[in-house]
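Here the structure is laid out as structure tokens; the discussion comes afterwards.
Throughout, read-outs are computed from the coordinates displayed, never taken from laboratory work. Everything numeric here is computed off the predicted structure, so don't read it as measured data. Note that we place each Cβ from the backbone using ideal geometry, even for glycine, and neighbour counts take in every protein chain shown.
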Amino acid sequence: MPRWSLLPLLLIAAPLFAEPKQEQSAVPAALNFEVKSIDGQPVKLADYQGQVLLVVNVASECGATPQYSGLQSLYDQYRDQGLLVLGFPCNQFGSQEPGSEADIKAFCKREYSVTFPMFGKIEVNGDKAHAFYKHLTAQETKPKGQGKVGWNFEKFLINRQGEVVARFPTGTEPTDEQLTKAIEQALAK
């Protein structure tokens, strides 16, 4: 048999012996979750990979609700550099988020002109906590360490590499110097 007649067989067999392709970029643990948008659509947090995320559990009838203004200002100031604020309505603290997703969306738009991504209502503590929040609260972070979410408007900062790098309690205003410094450091990397 002439040598050239083996060529088609070698071309067919070559893929069987090739190295398997590596995934281009693995999804970091903090982004390996699916959530629902405020409109009920599935959202893969992996789609936000490469951006800095400020994750906040929010409520419409809380003493901290005016923080929506500061969160929107942060988003406006830093979004072109890669910051996304992600709002997760939660009714676990004093029943301060009793409305439907449609009510929450309308309230946020009307009262605070919110344009950052908002999601469906979730629980952030306990057995029914969303898996995303179970992951967030298990991380050892500064200035607030791991453990249950204390109240509405607690903030988690995730860097471009998908690592939870900071956590701030409710009393930390969006304009707080320590928070904005952490955001700027995450954006610079």
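Quick notes
- Other residues lying with their Cβ under 12 Å from the Cβ of Leu136 contribute a combined charge of +2, Lys and Arg counting +1, Asp and Glu -1.
- 3J(HN,Hα) along segment 51-58, derived from phi through the Karplus expression 6.51 cos²θ - 1.76 cosθ + 1.60 where θ = phi - 60°, amounts to 10, 8, 10, 10, 9, 9, 7, 10 Hz, with x in place of Gly and Pro.
- Selection from Ala46, Thr137, Leu86, by position along the positive dipole direction of the chain (Cβ): Ala46
- Between the helical axis of 7-17 and the longest alpha-carbon principal axis of the chain there is an angle of about 40 degrees.
- Kirkwood Rh in Å, taken over all unlike Cα pairs in segment 57-98: 11.1
- In order along segment 167-183, the phi-based Karplus estimate (6.51 cos²θ - 1.76 cosθ + 1.60, θ = phi - 60°) of 3J(HN,Hα) comes to 9, 10, x, 3, x, 7, 5, x, 8, 4, 4, 5, 5, 5, 5, 5, 5 Hz; Gly and Pro are listed as x.
- Segment 104-156 - convex hull of the alpha-carbon atoms, volume per residue in Å³: 100
- Residues of type aspartates and glutamates that Lys134 reaches as a straight line, Cα spacing below 19 Å, ignoring anything fewer than 8 places off in the same chain: Glu34, Glu123, Glu154, Glu163
- Where GluC sites (Glu not before Pro) fall in DSSP loop in segment 112-189, at most 14 other Cβ within 10 Å: Glu140
- Environment charge of Phe107, counting only residues whose C-beta is closer than 12 Å and scoring Lys/Arg +1, Asp/Glu -1: -2
- Taking the chain and dividing mean pair separation by its residue count, relative contact order in percent (alpha carbons under 8 Å, at least six apart): 25
- Lys, Arg +1 and Asp, Glu -1 on Cβ, resulting dipole of the chain about Cα centre, debye, nearest 20: 460
- On a per residue basis, the convex hull of the C-alpha atoms belonging to segment 73-189 measures out at 108 Å³.
- 14 Å beta-carbon shell around Tyr48, net charge (K/R +1, D/E -1): 0
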